[in-house]
1. Being surrounded by 19 or more Cβ atoms within 10 Å (Cβ to Cβ) and touching a helix residue (DSSP H, G or I) at 6+ places or on another chain (Cβ under 8 Å) is the filter; apply it to region 154-179 and report the residue that is farthest from residue 32 (Cα to Cα).
2. Across region 262-272, what is the total count of residues that are within 18 Å of residue 133 (Cβ to Cβ) and part of a loop (DSSP other than H, G, I, E, B)?
3. Does region 244-261 contain at least one residue that is in a strand (DSSP E or B), more than 16 Å from the ligand (Cβ to nearest atom) and more than 18 Å from the chain's Cα centre (by Cα)?
4. Look through 146, 101, 75 and report the one residue that is part of a strand (DSSP E or B) and assigned by TED's automatic domain parsing to the domain that holds residue 20.
5. Please go through region 31-44 and give me each residue that is in contact with a Ser or Thr (Cβ under 6 Å, 6 or more places away or on another chain) and open to solvent by 20 Å² or more (accessible area, probe 1.4 Å), ordered by number.
6. Give me the residue from region 79-113 that is among the acidic types (Asp, Glu) and farther than 20 Å from residue 34 by Cα and, out of that set, surrounded by the fewest Cβ atoms within 10 Å (Cβ to Cβ).
7. Of all residues in region 144-176, count the ones that are within 12 Å of residue 59 (Cα to Cα), within 11 Å of the ligand (Cβ to nearest atom) and not aliphatic (A, V, I, L, M).
Amino acid sequence: MSAVAYVNGRICSPQDATISVFDHGFLYGEGVYEVLRTYGGELFLVDRHFRRLRASASMITLDVGMADSALEGIVVETMAAQRAAAGAAAQGHEILARVLVTRGIGEMNYDPSKSPHPSLVVIVKPLVPLPASTYERGVAVALVSVVRNHPASVDPRIKSNNLLNNVLAMQEALRRGPYFEAILRNFRGELSECSQSNLFLVTDGTVRTPALDAGLLAGITREFVEEVAVDTGIPTVDAVLRDDDLFGADEAFLTSTSKEIVPIVRVDDRVIGGGRPGPITLRLLDAYRRTARAVAGRR
Ligand code: PDD
C-alpha cells in the first residue's frame with residue numbers, strides 16, 4: 001500500500017506513522033476526521049470538508065488549531081510526498097486523504113483543559129476505484145438491527161473517530177452475507193443512513209433522502225448529489241423514510257466521497273425496483289461525475 005502519513009509535523013512511511021498510546025484519539029476515540037478525494041489530481045470540495053471538520057470538532061469542544069489554508073497546505077504536502085513515494089505507479093491515480101484531529105496527549109481523564117495540544121494526522125493513499133461492474137450491476141445491502149446513535153448520545157452529525165456503532169452495523173451485515181453496506185434505522189425506527197454512506201430512494205421520479213433530523217451525517221456527497229439533481233431537473237426532497245418506502249422504491253442508491261453514487265438493487269433478500277440500477281440513479285451518477293471533475297478542476 002503506497003500510503004504516506006503526516007503525523008504531528010512529520011511526513012512518514014506507513015511503518016513509521018505511529019502515535020502515542022496516551023493520545024486521546026487512541027484511548028477514547030476522542031477526535032474527528034474527514035475523508036477527501038481528488039478528481040484530475042485536484043482536491044474536491046475542500047472548503048466543505050474543512051467546514052464540516054470544524055463543525056465536528058466544535059461539537060466535541062476541540063479546536064482544530066490552525067487555519068484552513070495551513071491545513072490544506074499540509075494535505076497538499078502529504079499528497080506530494082505520496083506521489084514521490086509511489087513513483088510511476090502514482091501516474092493518473094486519484095487519491096484519498098483522511099484528515100484526523102484528536103484531543104492529543106494528556107492526562108488519563110476526560111477534562112479537555114488537561115490536553116491542550118490536538119494531534120493532527122493526514123493519511124494519503126491511492127483511491128482504488130470500485131469496479132465498473134459495481135455501478136453497472138448495483139449492490140446488495142443489509143437492513144441491520146443495530147440502531148444509529150441517538151442524536152443526544154454521540155450525535156451522528158459529528159464525523160467522529162469513535163466509529164464503533166458503524167463498525168457493529170457493518171459486522172452484522174457481513175455476518176449475514178457478502179453485503180456491500182449496512183442500512184441503519186434511527187431510534188424512532190425510521191431509515192437514517194448506511195454505515196459509511198448516505199441513503200437515497202427514488203419513487204415516482206422524485207429523489208428522497210432521510211432528513212438530517214433523522215440523525216445522520218450531513219454527507220458532502222449527499223449535499224452535492226442534491227445540487228446536481230436540481231441542476232439536472234430531478235426533484236429532490238428530504239423526508240421521513242421507513243422500511244416500506246425502501247422496499248417499495250423504484251430505485252435506491254448510496255453515496256459517499258470515495259464511492260460516489262452506487263446503485264442498490266437488493267436489500268437482504270428483497271429486490272429493489274427491477275433488480276437493476278434505475279435510470280434516474282444512472283443519470284445522476286453521470287451528471288455527478290461530470291460536475292465533480294469540472295468543480296475540482298476550477299480551483
Ligand atoms: N464515510 N455517513 C457516514 C456514517 C459516513 O461515514 C460517510 C462517509 C458518509 C458519506 O459522507 P461523505 O459524502 O461526506 O463522504 C455518510 C467516509 C467516506 C469514511 O468513513 O470513509
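1. Initially, region 154-179 is screened for residues surrounded by 19 or more Cβ atoms within 10 Å (Cβ to Cβ), giving 156, 158-161, 166, 169-170, 173, 179.
Next, from what is left, pick out any that are touching a helix residue (DSSP H, G or I) at 6+ places or on another chain (Cβ under 8 Å): 158-161, 179.
Details: 158: 7, 159: 6, 160: 4, 161: 5, 179: 27 Å.
Taking the candidates together, the pick is 179.
2. 1
3. Of the residues in region 244-261, the ones in a strand (DSSP E or B) are 251-256, 260-261.
When the remaining residues are screened for being more than 16 Å from the ligand (Cβ to nearest atom), the result is 251.
If we keep only those that are more than 18 Å from the chain's Cα centre (by Cα) too, we end up with 251.
Within region 244-261, one or more residues are in a strand (DSSP E or B), more than 16 Å from the ligand (Cβ to nearest atom) and more than 18 Å from the chain's Cα centre (by Cα).
4. Working: 146 fails: assigned by TED's automatic domain parsing to the domain that holds residue 20; 75 fails: part of a strand (DSSP E or B).
Just a single option satisfies the conditions, and that option is 101.
5. Taking region 31-44 as the starting set, the residues that turn out to be in contact with a Ser or Thr (Cβ under 6 Å, 6 or more places away or on another chain) are 31-32, 35, 37.
Correct list: 35 only.
6. Restricting attention to region 79-113, the residues satisfying the condition of being among the acidic types (Asp, Glu) are 94, 107, 111.
Those left that are additionally farther than 20 Å from residue 34 by Cα: 107, 111.
On the way: 107: 11, 111: 8.
If we take residues in region 79-113 being among the acidic types (Asp, Glu) and farther than 20 Å from residue 34 by Cα, then 111 is surrounded by the fewest Cβ atoms within 10 Å (Cβ to Cβ).
7. Result for region 144-176: 4.
The values are calculated or read from the model by the stated rules, or taken from the named source; none is laboratory data. Note that the structure is a prediction, hence the values are computed from the model and not measured. In this analysis, Cβ positions are derived from the backbone assuming ideal geometry, glycine residues included, and neighbour counts consider all displayed protein chains. Side chains are part of the model used for accessible areas, which takes the heavy atoms of the whole protein and leaves out ligands, DNA and RNA. Shrake-Rupley method; radii C 1.70, N 1.55, O 1.52, S 1.80 Å.
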